[in-house]
Amino acid sequence: MEATIEVAGLRKRFGPALALDGMTFTVRPGQITGFVGPNGAGKSTTMRVILGLDAPDEGHALIGGKPYRKLRHPLSHVGALLDAAALQPSRSARNHLLWLAHSQGLTAKRADAVIEQAGLRAVARRRAGGYSLGMRQRLGIAAAMLGDPPVLMFDEPFNGMDPEGIVWMRGFLRSLAGEGRAVLVSSHLMGELEDTADHLVVAGRGTVIADTSVAALVSAASGDRVGLRTSARTEAMTVLAHAGATVTATGRDTLTVAGLTPEQIIELLGGSAVPFSEVSAHRATLEEAYMELTRDAAEFRAGGPGHRGPGCPRAAPCSPGPAGRAAPAGEEAAR
Amino acid sequence: MTTITPYRPAVQAGRDGFGQLLRAEWTKFRTVRGWLIGLGVAAVVTVLLGVLTGGSNDIACATGPGSPVKHGRACLPPPPPTAPGGQPVRDAFYFVHQPLAGNGSLTARVTSLTGRYAAGQGPYPQLTTPGLQPWSKGGIIIKTGTKPGSRYAAMLVTGSHGVRMQDNFTQDSAGLPGLVSAVSPRWLRLTRDGDTITGYDSADGAHWNLVGTAHLTGLPATVQAGLFAASPDHTVINQNFGGGESGTSDPSQATAVLDRVSLAGSAGGAWTGTQVGGGAAAAAPGRFQRAGDAFTVTGSGDIAPVPPGDGNGLGPNITIERNLAGAFAGLIAIAVVAALFITAEYRRGLIRTTLTASPRRGRVLAAKAIVVAAVTFMAGLAAAVVAVAAGNHLAAAKGFYLYPVTGLTEVRVVAGTAALLAVGAVFALGMGALLRRSAVAVTAVIVAIVLPYILVVASILPVGTADWVLRLTPAAGFAIQQSVPAYPQVYGLYTPNGGFFPLSPWAGFAVLCAWAAAALGLAAYRLRRRDA
């Protein structure tokens, strides 16, 4: 079986709210695919559709070319962590993994192996109800690993983890991808995925805004611009414009240059004896790139009762705009 | 870009099958201590309440004013005769008979059946009020001997049930309808052929109808054949407002006039009159007169089974199912556990994990139902066995008459109680899956099963309503506990609070099963259709 997730044209409506609006992407083996977007973008709904829990109105989701409901022993095809709190509080971690193992024709030995892998051995026989959120996340990961699946999905796995746990989680996700597995990790915070994901699917309002590698996303946001600091602003502008660059004065002694690499700029300025004190490649952070991309998708979230539109005078009450009314529906879809 | 080698799992999954799903659900069940405790509570409550309801009362009695008070077993009247099937019976009548050796045939024409009864005038009532009881009877009978409880087959006319053929106390089939009189006589015939006795009736002595056939195994070569009359007590039952009933019972007597009596076969000797059995004979002694082939036979008593309950001459008695009266309380605990088995998963979102592990949702619900039914059945069976053993032991020690039932009936009542709890658990599971909330599901189960049962058993509902409640609601399933059937040939009030259900044991149980199947089926439909 091929280790992929294919999501094609998913549409789903919860009452008046459109939760998924043509969601389409593919998760490939051997890399970590980050699934980012603001709350209510449709990430969790997409994951539930992939696992056959929710039925889409249109479109389909396939695991290795098969719909989830057609899988035999599904946990050996896909491991998923959707909600770490989904536990019977009075049942121990080991017994939780034991029934899951039995449902897949696996033995208690396999349950013990994933307990070890998730670092839960010391607490495995205690009531799961007494676990911290971080311990529950580890238990959820152990459950996902139970069938040793080639495809893994984690919904907000960093939630509630302490810094040590986050470091562990990153290393763990990388090792999974290193073994050739397809890994899909969702988060509403780009920062969590910045140093982890190889590929990004950015979702907003139930659809894909960007489906790209991390490097491409950053360079697209950066736009190949170079910052220049010089005391001879006019001379520098003349020299660089002659070389075909677009030059913008951004301050008394600062310029932004587009169309030339930093190396070319240094060479040109040096050749013309124009003094300069700093040449720097302007590099956007992933967070900036993400904010840029999701601004439209996230906009409606700023609305809500009491929200004042941009045109409203501060002191005067005014009714929320259409974006404001969309907010509760959008939040409904997030559940 | 590097080439990626797709991951090959090192762990090999086992075979896919329903057995794994069952095992997983069983692991789920046994690893929540609260559910095991709930099951234990159900068993204990069933036993304790059953034993307390059964024969735990003290018995005291006195034969008259000033006589010493007796206790326990000393209060029991002598044990009643029993039918070949083991049931306690009343076998008291006036018998005019002669021996019949080998095969033969007995024919007679009944021209009149009249009766008198006492209407509650003190301890030694006079039979002054004319009138027949519904089951006053007179006719012809072939019987092993004159010992009470011995095998027989009879053709008879009755007070208000027409001609009947009855044999071995419990068998009863109808012949010609209507009252007998001089202008509308009834011809009766019994033919013996080996162990088989066949009954016929006729309105004119020329055209005969087959009424029934009795197989009396081990019938001796020589039997007693002849004429008889009997009349059960005049019983008046008052249904009290708001439930419950009270009754009076007074002796009665029936007189049958028979002529054209002929006994064909190796019969010999004279007609002898014998009072079979005792009881009401002291107040209303039997007798007969003969004029040629015409006989007038007067007798009191009855040839019929004795149902359990009060005022039937058995003394303080209990049926086996009285020890199992705690089942309704056990069912409440069972319902809580069974509903939680699914609603706890909804509450925590664990249902998503379950459905991710087993995407075929109908099978998940089926596995849950089987597991919850199996564990409940085992717990219920243990509780029922203990309750019956302890209850019978205690009742016998206190001096109760244990109403006898066959081994097969005992198995049906005990295992049926366990099955009742198991199917009730499946119903609760179905309601839990439908309603997704423990409290709502448990309330629904209590309202549907336990409440109707309590309203009926506590006689809060009038009898007519109670009957319909026990036909339509899942509480009909409690019928599986009824060990003694209602006998149509014995007049009495067979009410649910007396342990008599309007549906037969298996039909009542089927009603409960239908409810459970409907709840589970609807739940499976919704589970498949809805997002999890």
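Applying a threshold of 7 Å to beta carbon distances and a minimum spacing of six or more residues, or different chains, the list of pairs starting in region B:10-28 at a residue that is more than 25 Å from A:VAL151 (Cα to Cα) and more than 7 Å from chain A (Cβ to nearest Cβ) and ending at one that is at pLDDT 95 or above and in a helix (DSSP H, G or I) reads B:LEU22/B:ALA367; B:LEU22/B:ILE370; B:LEU22/B:VAL371; B:GLU25/B:ALA367; B:GLU25/B:LYS368; B:GLU25/B:VAL371; B:TRP26/B:VAL371.
When region A:19-28 is filtered for residues that are within 24 Å of A:LEU189 (Cβ to Cβ) and away from chain B (no Cβ under 13 Å), the ones remaining, listed by number, are A:ASP21, A:MET23, A:THR24, A:PHE25, A:THR26.
Is it true that A:GLY180 is surrounded by fewer than 22 Cβ atoms within 10 Å (Cβ to Cβ), in the same structural domain as A:VAL202 (by TED's automatic domain parsing) and in contact (Cβ under 8 Å) with a residue 60 or more places away in the chain? Yes: the conditions hold for A:GLY180. Say we look at region B:33-76 and pick out the residues that are in contact (Cβ under 8 Å) with a residue 40 or more places away in the chain and part of a loop (DSSP other than H, G, I, E, B); which of these is surrounded by the fewest Cβ atoms within 10 Å (Cβ to Cβ)? Of everything passing the filter in region B:33-76, B:ASP58 is surrounded by the fewest Cβ atoms within 10 Å (Cβ to Cβ).
The set of residues in region B:214-244 being more than 30 Å from B:ASP310 (Cβ to Cβ) and either within 24 Å of the chain's Cα centre (by Cα) or at pLDDT below 80 (or both) consists of B:ALA214, B:HIS215, B:LEU216. The single residue among B:PRO462, B:PRO485, B:PRO502 that is more than 14 Å from chain A (Cβ to nearest Cβ), at pLDDT 90 or above and surrounded by fewer than 18 Cβ atoms within 10 Å (Cβ to Cβ) turns out to be B:PRO485. Taking region A:141-258 and the strands (runs of 3 or more DSSP E) fully enclosed by it, the elements with 1 or more residues that are under 30 Å from A:LEU10 (Cβ atoms) are at A:151-155, A:182-187, A:199-204, A:207-213. Summed over region B:433-479, residues that are in a helix (DSSP H, G or I) and under 18 Å from B:ALA523 (Cα atoms) total 13. Filtered by the rule that a residue be touching a Leu at 6+ places or on another chain (Cβ under 8 Å), touching a residue at least 24 places away in the same chain (Cβ under 8 Å) and either within 14 Å of another protein chain (Cβ to nearest Cβ) or hydrophobic (A, V, I, L, M, F, W, C) (or both), region B:505-532 gives B:PHE509, B:VAL511, B:LEU512, B:ALA519, B:LEU520, B:LEU522, B:ALA523, B:ALA524, B:ARG526, B:LEU527, B:ALA532.
Only one of the numbered conditions (1) in contact (Cβ under 8 Å) with a residue 12 or more places away in the chain; (2) touching a Leu at 6+ places or on another chain (Cβ under 9 Å); (3) among the hydroxyl-bearing types (Ser, Thr, Tyr); (4) exposed (fewer than 15 other Cβ atoms within 10 Å of the Cβ) is violated by A:THR196, and that is (4).
You will find that of B:VAL411, B:VAL371, B:VAL364, the residue that is in a helix (DSSP H, G or I), out of contact with any Asp or Glu (no Cβ under 7 Å at 6 or more places or on another chain) and crowded, with 22+ Cβ neighbours inside 10 Å is B:VAL364 and no other. For region B:476-504, which residues satisfy the criterion of being without any contact (Cβ under 8 Å) to a residue 40 or more places away in the chain and touching a Leu at 6+ places or on another chain (Cβ under 8 Å)? Answer for region B:476-504, where residues must be without any contact (Cβ under 8 Å) to a residue 40 or more places away in the chain and touching a Leu at 6+ places or on another chain (Cβ under 8 Å): B:ALA476, B:ALA479, B:PHE501, B:PRO502, B:LEU503. State whether the residues of region A:270-284 include one that is part of a helix (DSSP H, G or I) and out of contact with any Pro (no Cβ under 6 Å at 6 or more places or on another chain). The answer is yes, given that some residue of region A:270-284 is part of a helix (DSSP H, G or I) and out of contact with any Pro (no Cβ under 6 Å at 6 or more places or on another chain). Evaluated against (1) more than 10 Å from every other protein chain (Cβ to nearest Cβ); (2) at positive phi; (3) part of a loop (DSSP other than H, G, I, E, B), A:GLY9 falls short on exactly one condition, (3). For region A:142-160, give me each residue that is away from chain B (no Cβ under 13 Å), surrounded by fewer than 24 Cβ atoms within 10 Å (Cβ to Cβ) and either at pLDDT 90 or above or in contact with a Lys or Arg (Cβ under 9 Å, 6 or more places away or on another chain) (or both). A:GLU156, A:PHE158, A:GLY160 - these are the residues of region A:142-160 that are away from chain B (no Cβ under 13 Å), surrounded by fewer than 24 Cβ atoms within 10 Å (Cβ to Cβ) and either at pLDDT 90 or above or in contact with a Lys or Arg (Cβ under 9 Å, 6 or more places away or on another chain) (or both).
Against the numbered list (1) farther than 30 Å from A:ALA84 by Cα; (2) β-branched (Val, Ile, Thr); (3) buried (at least 19 other Cβ atoms within 10 Å of the Cβ), B:THR354 comes up short only at (1). Per the listing A:THR230, A:THR212, the residue uniquely within 13 Å of the chain's Cα centre (by Cα) and surrounded by 15 or more Cβ atoms within 10 Å (Cβ to Cβ) is A:THR212. Per the conditions (1) assigned to a loop (DSSP other than H, G, I, E, B); (2) under 30 Å from the mean Cα position of the chain (by Cα); (3) at pLDDT below 90, the sole criterion not satisfied by B:PRO123 is (2). State whether one or more residues within region A:111-119 are surrounded by fewer than 22 Cβ atoms within 10 Å (Cβ to Cβ), part of a loop (DSSP other than H, G, I, E, B) and more than 10 Å from chain B (Cβ to nearest Cβ). Yes. Please tell me if A:ALA122 is part of a helix (DSSP H, G or I) and touching a Gly at 6+ places or on another chain (Cβ under 6 Å). Spelling it out, it is not the case that A:ALA122 is part of a helix (DSSP H, G or I) and touching a Gly at 6+ places or on another chain (Cβ under 6 Å). Residues in region B:328-364 that are in contact (Cβ under 8 Å) with a residue 60 or more places away in the chain, within 14 Å of another protein chain (Cβ to nearest Cβ) and among the aliphatic types (A, V, I, L, M): B:VAL337, B:LEU340, B:ILE342, B:ALA344, B:ILE351, B:LEU355, B:ALA357, B:VAL364.
The values are calculated or read from the model by the stated rules, or taken from the named source; none is laboratory data. Here the structure is a predicted model, which is why all the values come from computation and not from measurement. Don't worry about glycine lacking a Cβ; one is built from the backbone with ideal geometry, like all the others, and counts go over all protein chains shown.
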